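Engineer: Dropping the structure in here first, questions after.
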Amino acid sequence: MNLGYKGGRREQMEKEIIRIGLAGFGTVGTGLARIILENQDWIKRRVGKKLLISRVLVRDLNKVRTFIPGPEARFTDNPDDLLSDPDIDIIVELIGGIEVPYTIITKALKQGKSVVTANKALLALKGNELFELAAQNKAGLYYEASVAGGVPIVQTLKESLAGNKIKSITGILNGTANFILSEMTLKGLDFEDALARAQEKGYAEADPTLDIEGLDAAHKLTILIRLAHGQDYPFDSLPIEGISKVQAIDISLAGEFGYTLKLIARVKEKSGYLQAGVFPVLLPEDHILAKVDGPFNSILLYGNAVGPIMLYGQGAGELPTGSAVLADIMALARDNSEPNNTGFLEPCLPRARILDPELTVYEHYFRFTVLDRPGVLSALSGVMGEYNISIAQAVQKTNPAGGSVPVVFLTHKAQLKDVYAALKEINSFSFVTAPTVHYRILT
């Protein structure tokens, strides 16, 4: 049986066993195999078929395995063993990275084999190409686990909210970054100590760059933009800022004003253009996303018919992510129609109409580090006025020992281009002793 959508589809669907070729047997692969074994009877009630992992691609055949997917599973270190096996119906790619998964997925799709993947980076960079290839070969390319782990956002956008025009998505899409910021907020830790704690708990990798620099969240946002807006927003055009430069003093000062700092991924439609990006922002403490702490993901979206909806749950982990992968496998096993890969009829989505990021408008937080002397506040506010930035609140902290002091401005709404121009001028002043810290405020 081949769960592509070529000839003989109806006859193929009558088989009682769906054979899976699993590429990757790490945390998520193991979780998937456990769920399939433990929930086999339940799965059969749902789809009328038995799921069987028949081949498993691993890097090291000599590694001792504490868990085996089943008596019929055969391990291999050769990807062609999965691709050349005519009995395998679905390829599940859980390796990660770009080159090897790209090769496996493209070869599988060309054979008309459907693919399930959790590879957000590959989909962000090569998604349009892969969706077009899947359509050409009438194969499924499903990817629920690529965004927010066990949170069912992909299927929600493809199916449940398909009749809505999505006006905005605002999400916490990286549990590692959210855990770090939560530790800094709730326990007063600095960034380095919070990161070390995340690594101790297994929430952060030894090299946490993808998480703390916003790249992981940006990969996921790229996928959500396609699903929500039917447009391809190139990953390399997406503004991305991480949290590695966040300081405890700004979290504390923001708290005094009633704000919480979070790493947010956001897309908003305005006048036919998309404004999107990943960046740390200040949220009012009563904002629903401000209350999401620890290694959790949450997505707040607005549809023009349904209004606001929030999804919340574990964004990673063996069983939550394995659950999302399994949902895609079951959807492919059950469905006897054309695959719903992009959520739209077009296999290749048009390029997004992108609003220049510098034209986006927010309220803003500034922390200036300045010498404590007369005329400083007047000079700072004067530059702000020159660039059409209206100050809502201003607070200067004192330093009994003399030297530099922090000055905080909260502003009304202003364009980023004016903010950047003002900062360039202010940072050149001789009384400014450290680069100004700036965050957007979402209300």
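Engineer: Return the residues of the range 246-287 that are in a helix (DSSP H, G or I) and of a type in the set (A, V, I, L, M); say none if nothing qualifies.
Structural biologist: Scanning the range 246-287 gives Ala248, Ile249, Ile251, Leu253, Ala254.
Engineer: Confirm whether Lys417 is at pLDDT below 95, over 20 Å from Leu283 (Cα atoms) and not assigned by TED's automatic domain parsing to the domain that holds Lys268.
Structural biologist: The answer is no for Lys417.
Let's see how each residue does on (1) in contact with a helix residue (DSSP H, G or I) (Cβ under 7 Å, 6 or more places away or on another chain); (2) part of a loop (DSSP other than H, G, I, E, B); (3) modelled with pLDDT under 95; (4) not hydroxyl-bearing (Ser, Thr, Tyr):
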| site | (1), (2), (3), (4) |
| --- | --- |
| Val64 | no, yes, yes, yes |
| Phe67 | yes, yes, yes, yes |
| Pro71 | no, yes, yes, yes |
| Leu82 | no, no, yes, yes |
| Asp85 | no, yes, yes, yes |
| Val92 | yes, no, no, yes |
| Thr106 | yes, no, no, no |
| Leu109 | yes, no, no, yes |
| Val115 | yes, no, no, yes |
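Engineer: If only one of Ile212, Ile243 is of a type outside the set (S, T, N, Q), over 25 Å from Leu345 (Cβ atoms), assigned by TED's automatic domain parsing to the domain that holds Gly163 and in contact with a Pro (Cβ under 9 Å, 6 or more places away or on another chain), which one is it?
Structural biologist: Sole residue among the options that is of a type outside the set (S, T, N, Q), over 25 Å from Leu345 (Cβ atoms), assigned by TED's automatic domain parsing to the domain that holds Gly163 and in contact with a Pro (Cβ under 9 Å, 6 or more places away or on another chain): Ile243.
Engineer: For the range 372-387, which positions are part of a loop (DSSP other than H, G, I, E, B) and surrounded by 12 or more Cβ atoms within 10 Å (Cβ to Cβ)? Can you show your working first?
Structural biologist: Initially, the range 372-387 is screened for residues part of a loop (DSSP other than H, G, I, E, B), giving 372-375, 387.
Selection gives Asp372, Tyr387.
Conditions tested, residue by residue: (1) in the same structural domain as Ala324 (by TED's automatic domain parsing); (2) part of a loop (DSSP other than H, G, I, E, B); (3) surrounded by fewer than 23 Cβ atoms within 10 Å (Cβ to Cβ); (4) under 17 Å from the mean Cα position of the chain (by Cα).
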position: Lys158; (1), (2), (3), (4): no, no, yes, yes
position: Lys167; (1), (2), (3), (4): no, no, yes, no
position: Asn178; (1), (2), (3), (4): no, no, no, yes
position: Ser182; (1), (2), (3), (4): no, no, yes, no
position: Leu186; (1), (2), (3), (4): no, no, yes, no
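Engineer: Just need a number here: residues in the range 37-56 that are assigned to a helix (DSSP H, G or I) and of a type in the set (Lys, Arg).
Structural biologist: Qualifying residue count for the region: 3.
Engineer: Any chance the range 206-222 includes a residue that's within 16 Å of Gly175 (Cα to Cα) and over 19 Å from the mean Cα position of the chain (by Cα)?
Structural biologist: Yes, the range 206-222 has at least one match.
Engineer: Which residue pairs have Cβ atoms closer than 6 Å, lie 6 or more positions apart in sequence or on different chains, and pair a first residue in the range 32-57 that is without any contact (Cβ under 8 Å) to a residue 24 or more places away in the chain with a second residue that is crowded, with 16+ Cβ neighbours inside 10 Å and of a type outside the set (Ser, Thr, Tyr)?
Structural biologist: Correct list of pairs: Lys44/Lys50.
Engineer: Still on this model: Outside any strand (DSSP E or B) and assigned by TED's automatic domain parsing to the domain that holds Thr433: is that true of Thr398 in this structure? Show your work before the answer.
Structural biologist: Numbers: outside any strand (DSSP E or B): yes; assigned by TED's automatic domain parsing to the domain that holds Thr433: yes.
Yes: the conditions hold for Thr398.
Engineer: Which one of these does Leu51 not meet: (1) surrounded by fewer than 19 Cβ atoms within 10 Å (Cβ to Cβ); (2) modelled with pLDDT of 95 or more?
Structural biologist: Failing condition for Leu51: (1).
Engineer: Testing Trp42 on (1) at pLDDT 90 or above; (2) among the aromatic types (Phe, Trp, Tyr); (3) surrounded by 16 or more Cβ atoms within 10 Å (Cβ to Cβ); (4) out of contact with any helix residue (DSSP H, G or I) (no Cβ under 9 Å at 6 or more places or on another chain), one condition comes back false. Which one is that?
Structural biologist: (3)
Engineer: Give all pairs with beta carbons closer than 8 Å in which a residue from the range 146-161 that is farther than 20 Å from Leu122 by Cβ meets a residue that is at pLDDT 95 or above and in a loop (DSSP other than H, G, I, E, B); count only pairs at least 6 apart in sequence or on separate chains.
Structural biologist: Between residues of the range 146-161 that are farther than 20 Å from Leu122 by Cβ and residues that are at pLDDT 95 or above and in a loop (DSSP other than H, G, I, E, B), the close pairs are Leu161/Val306.
Engineer: Right, next: Which members of the range 59-99 meet the condition of being within 25 Å of His219 (Cα to Cα), crowded, with 16+ Cβ neighbours inside 10 Å and among the aliphatic types (A, V, I, L, M)?
Structural biologist: Selection gives Ile90, Ile91, Val92, Leu94, Ile95.
Engineer: Turning to a different aspect of this structure: Would it be correct to say that Asn128 is outside any helix (DSSP H, G or I), of a type outside the set (A, V, I, L, M, F, W, C) and surrounded by fewer than 24 Cβ atoms within 10 Å (Cβ to Cβ)?
Structural biologist: No.
One line per residue, one yes/no per condition, for (1) in a helix (DSSP H, G or I); (2) on the phi > 0 side of the Ramachandran plot; (3) surrounded by fewer than 18 Cβ atoms within 10 Å (Cβ to Cβ):
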site: Leu289; (1), (2), (3): yes, no, no
site: Asp293; (1), (2), (3): no, no, yes
site: Ile299; (1), (2), (3): no, no, no
site: Asp328; (1), (2), (3): yes, no, no
site: Pro339; (1), (2), (3): no, no, no
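Engineer: Can I ask one more? So Ala139 clears everything in (1) part of a helix (DSSP H, G or I); (2) farther than 17 Å from Ser323 by Cβ; (3) in contact with a strand residue (DSSP E or B) (Cβ under 8 Å, 6 or more places away or on another chain) except one condition, right? Which one?
Structural biologist: All conditions are met except number (1).
Engineer: What's the number of the only condition in (1) farther than 25 Å from Ala414 by Cβ; (2) surrounded by fewer than 18 Cβ atoms within 10 Å (Cβ to Cβ); (3) among the β-branched types (Val, Ile, Thr) that Thr369 fails to meet?
Structural biologist: (1)
The values are calculated or read from the model by the stated rules, or taken from the named source; none is laboratory data. What you see is a predicted model; the values in this text were computed from it and never measured. For neighbour counting, all protein chains shown are included, and Cβ atoms are generated from backbone atoms with ideal geometry for every residue, glycine included.
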